[in-house]
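The values are calculated or read from the model by the stated rules, or taken from the named source; none is laboratory data. Here the structure is a predicted model, which is why all the values come from computation and not from measurement. Here the Cβ positions follow ideal geometry from the backbone for every residue, glycine too, while neighbour counts run over all protein chains shown.
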Amino acid sequence: MVAKYGLENRTTYITFSLEGMKELIKRAPAGTEVYYLNGELTPEQLKEMGAAGMDYNSSVVLKHRDWVDQCHQLGLKVNVWTVDDKHAALLDMLLDMDIDFITTNTPEPVQQIIFERGISTYP
């Protein structure tokens with residue numbers, strides 16, 4: 001369906017399935033970003049498999065804070081989910097860790113917090 005509508009260059013995949021991730025990396029056009037969500041793979045393992053990075057729950061990222069720097073050193077990106085405006089202290093910690101993306105159910109308040117911190121280039 002992605003190919004049918006010409007959306008290959010605008011599609012990013014996320015999956016909880018390890019087999020699904022491997023299959024997407026194999027089948028998607030070169031350069032398509034595929035992120036893994038389960039949280040048990042290290043940055044090195046993700047890189048070896050061809051993932052674009054980790055997309056882990058905030059509890060996993062806080063447990064393995066060093067993985068954020070490891071991802072960046074390997075050229076991988078980091079997304080954290082699900083961080084809402086009611087989690088302002090958590091959001092502050094994650095922003096201090098230089099994560100790349102945030103999944104949220106409350107985009108406007110989270111964006112406001114990011115703006116108030118003076119992060120104008122945050123995705």
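Couple of notes before you dig in:
- One residue from Thr103, Thr82, Thr32 being surrounded by 14 or more Cβ atoms within 10 Å (Cβ to Cβ), among the hydroxyl-bearing types (Ser, Thr, Tyr) and either in contact with a Leu (Cβ under 6 Å, 6 or more places away or on another chain) or within 27 Å of Phe115 (Cα to Cα) (or both): Thr103
- Flag if Leu91 is crowded, with 20+ Cβ neighbours inside 10 Å and farther than 12 Å from Leu37 by Cβ: yes
- Scan of region 71-87 for residues that are part of a helix (DSSP H, G or I), at pLDDT below 95 and in contact with a helix residue (DSSP H, G or I) (Cβ under 6 Å, 6 or more places away or on another chain), ordered by number: Asp85
- Matching residues in region 13-70 - criterion: being assigned to a loop (DSSP other than H, G, I, E, B), in contact with a Phe, Trp or Tyr (Cβ under 9 Å, 6 or more places away or on another chain) and closer than 21 Å to Leu90 by Cβ: Leu37, Asn38, Gly39, His64
- Among the residues making up region 35-55, a single one is crowded, with 22+ Cβ neighbours inside 10 Å and either among the polar types (S, T, N, Q) or on the phi > 0 side of the Ramachandran plot (or both): Gly53.
- A search for C-beta distances below 7 Å between a residue of region 104-117 that is assigned to a loop (DSSP other than H, G, I, E, B) and any residue that is not polar (S, T, N, Q), counting only pairs 6+ apart in sequence or on different chains, returns Thr104/Val83; Thr104/Asp84; Thr104/Val110; Asn105/Asp84; Thr106/Asp84; Thr106/Asp85; Arg117/Leu95.
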